[in-house]
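Asks: I'd like to ask you about the structure that follows.
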Amino acid sequence: MIFINHNNTNPYFNHAAEQYVLENIKDECFMLWRNEPCILVGRNQNAMAEVNGDYIKEKGMKIVRRLTGGGAVFNDLGNINFTFIGRTSENVEENFRKFTKPIIEALNFLGVQAKFSGKNDLVIEGKKISGNAQYYYKDKVLHHGTLLFSVSMGELLKALKVNPLKFKDKAVKSVEARVTNINKYLNNMYVIEFKNYVIDYVMKCFGTKELYEFSEKELKQIDKIVKNRFSTWKWNFGDSPKYNYSKEGRCGKNTIQVNLNVENGYIKEMKFYGDFFFKKDIKGLEHKFKEIKHEEKHVKQVLNNININEYINGVKNEEILELMF
């Protein structure tokens, strides 16, 4: 097994790097990496339904869809992600235990009583410190997991908090879990020190001596994957399952509710309700948003090309825009 060493904290790059290694490097590999603050959603999740959109926008966080299934997770620089890429066993549960075993042993060696729990978690005293997921490619498996070392729990709760009345869908929903940070169980160890410790432990565990660095050619290939997949709206949002969006708010002196039917990221149907006055039939406004991406810049373009007060008197474009996200 080789250890792939890099310090990039861009989540687009890190997920593209996983895909590149999985598809192009024959050796079994291990990587340890961190992300700047972001939300990672599972392959089959509705990205819009898993996050607090207003907070994500305010903080400028990226939302990235993983190759793997599972629930939405918050990452910041206090979290360490680990990736194993190797030959797969036919038994899925066996794969999960195989790749989490060295991580558990590394924690146990420090006196931290971590153990495997449920179908894909690592816990300390019943509290979750790691969620794990897998993706299969030919005869190989990509296994990755989180290690909550010193994550901002306040940020985590704000970023993943969703108004339950705002979204209603049939997609897989993330379940809030009791979580904790690993550093609470260690004395005077910082995240980089812990990261280096895990690297050393896993390398010794597998007898690994080689540090692998991406070449310039490989970095260009990874960047291509970033541009073609992980940074694209289609991958991160367009593949979301269909959902219904509803929000009510005050716009000027009006109380207005908007309902959207969204499929593959595109608005299929839209309805405005409220006590507003109008010059033109509201159906004309609703029709203008049909087949438009449910994405702020595209909705804004539509609003900029109409006189909103002809349809809803006494409102501003910004108020309608805020109502739709």
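The numbers here are math on the coordinates, done by the rules we state, and not lab data. Bear in mind the structure is a predicted one, so any value in this text is a computation, not a measurement. A quick note on method: Cβ atoms are made from the backbone with ideal geometry, for glycine too, and the neighbour counts reach across all protein chains shown.
Asks: Just need the relative contact order of the chain here, percent rounded to a whole number, with Cα pairs under 8 Å and 6+ apart.
Replies: Details: 602 pairs, mean separation 57.8, N = 325.
The normalised contact order for the chain reaches 18 percent.
Asks: Please compute the alpha carbon radius of gyration of segment 1-139, then divide it by the globular-protein estimate 2.2 N^0.38 Å. Two decimals is fine. Spell out each step's value before the answer.
Replies: Numbers: Rg = 15.4 Å, N = 139, 2.2 N^0.38 = 14.3 Å.
The reported ratio for this selection is 1.07.
Asks: Find the all-direction average of the projected area of the Cα convex hull for segment 252-325, expressing the result in square nanometres with one decimal place.
Replies: Values: hull surface 16.8 nm².
Average of the hull's projected areas for segment 252-325 equals 4.2 nm².
Asks: State which entries of Lys127/Lys242; Lys247/Lys279; Lys127/Lys234; Lys115/Lys209; Lys217/Lys293; Lys127/Lys158 exceed 31 angstrom in Cα-Cα distance in the structure shown. Don't jump to the answer; show the numbers that get you there.
Replies: Details: Lys127/Lys242 33 Å; Lys247/Lys279 23 Å; Lys127/Lys234 35 Å; Lys115/Lys209 27 Å; Lys217/Lys293 35 Å; Lys127/Lys158 19 Å.
Pairs exceeding 31 Å: Lys127/Lys242; Lys127/Lys234; Lys217/Lys293.
Asks: Quote the charge dipole size of the chain about the Cα centre in Debye, to the nearest 20; the model charges only the Cβ of Lys and Arg (+1) and of Asp and Glu (-1).
Replies: Working: 50 positive and 40 negative charges, 124 e Å.
Using Cβ point charges on Lys, Arg, Asp and Glu, the chain gives about 600 debye.
Asks: If you don't mind, there's one more thing I want to ask. For segment 102-134 and segment 278-325, what is the separation of their C-alpha centers, rounded to whole Å?
Replies: Between the Cα centre of segment 102-134 and that of segment 278-325, the gap is 49 Å.
Asks: Of the DSSP beta bridges with both residues in the chain, give the percent that are antiparallel, rounding to the nearest 5.
Replies: Numbers: 51 of 61 bridges.
If I count the DSSP bridges inside the chain, around 85 percent turn out antiparallel.
Asks: Return an integer: the convex hull volume of the alpha-carbon atoms of segment 37-87, in Å³ per residue. Show your work: numbers first, answer last.
Replies: On the way: hull volume 4.0 nm³, N = 51.
Measuring per residue, one finds 78 Å³ for the Cα hull of segment 37-87.
Asks: Ok, one more. Could you sort the peptides 102-110, 68-76 by per-residue average Cβ neighbour count (10 Å cutoff), highest mean leading? Intermediate results must be reported in sequence, preceding the final value.
Replies: Details: 102-110: 17.6, 68-76: 21.8.
Listed from highest to lowest mean packing, they are 68-76, 102-110.
Asks: How much mean residue ellipticity at 222 nm does the chain get from its helices, if each DSSP H run of length 4 or more adds -39500 (n - 2.57) and you divide by all residues, to the nearest 500 deg cm²/dmol? Show your work: numbers first, answer last.
Replies: Values: 10 runs with 100 residues, N = 325.
It comes out at -9000 deg cm²/dmol, rounded to the nearest 500.
Asks: So for the chain, taking the charge dipole from beta-carbon charges (+1 Lys/Arg, -1 Asp/Glu), which of Phe84, Leu122, Asn317 sits furthest toward the positive end?
Replies: Towards the positive end, the residue furthest out is Asn317.
Asks: If you compute Rg/Rh (Cα atoms, Kirkwood Rh) for the structure shown, which of (i) 1.05; (ii) 0.97; (iii) 1.15 do you land on?
Replies: (i)
Asks: Which whole-number percentage describes the relative contact order of segment 1-117, with Cα contacts under 8 Å and a sequence gap of 6 or more? Let's see the in-between values first.
Replies: Details: 154 pairs, mean separation 31.9, N = 117.
With pairs under 8 Å counted, the relative contact order is 27 percent.
Asks: Would you list which aspartates and glutamates come within 16 Å of Lys220, measuring only between C-alpha atoms, while excluding same-chain residues fewer than 8 positions from it?
Replies: Cross-link targets: Glu18, Glu23.
Asks: Springs between alpha-carbon pairs under 10 angstrom, Gaussian network model over the chain: which of Phe237, Phe206, Phe289 fluctuates most?
Replies: Of the options given, Phe206 has the highest mean-square fluctuation.
Asks: So for the chain, taking the charge dipole from beta-carbon charges (+1 Lys/Arg, -1 Asp/Glu), which of Leu148, Asn188, Met270 sits furthest toward the positive end?
Replies: Met270
Asks: Run the dipole for segment 81-124 about the Cα centre, Lys and Arg Cβ at +1, Asp and Glu Cβ at -1, nothing else charged, and hand back the magnitude in debye, nearest 20.
Replies: Values: 6 positive and 5 negative charges, 10 e Å.
Value, rounded to 20: 40 debye.
Asks: Between Asn183, Asn307, Asn52, where does the largest GNM mean-square fluctuation fall for the chain, given springs only between Cα atoms within less than 10 Å?
Replies: Result for the chain, Cα springs under 10 Å: Asn307 fluctuates most.
Asks: What ranking do 271-280, 138-147, 11-20 get when scored by the average of other Cβ atoms within 10 Å per residue, highest first?
Replies: Values: 271-280: 13.9, 138-147: 19.9, 11-20: 23.7.
Taking the mean over residues of other Cβ atoms within 10 Å, the ranking is 11-20, 138-147, 271-280.
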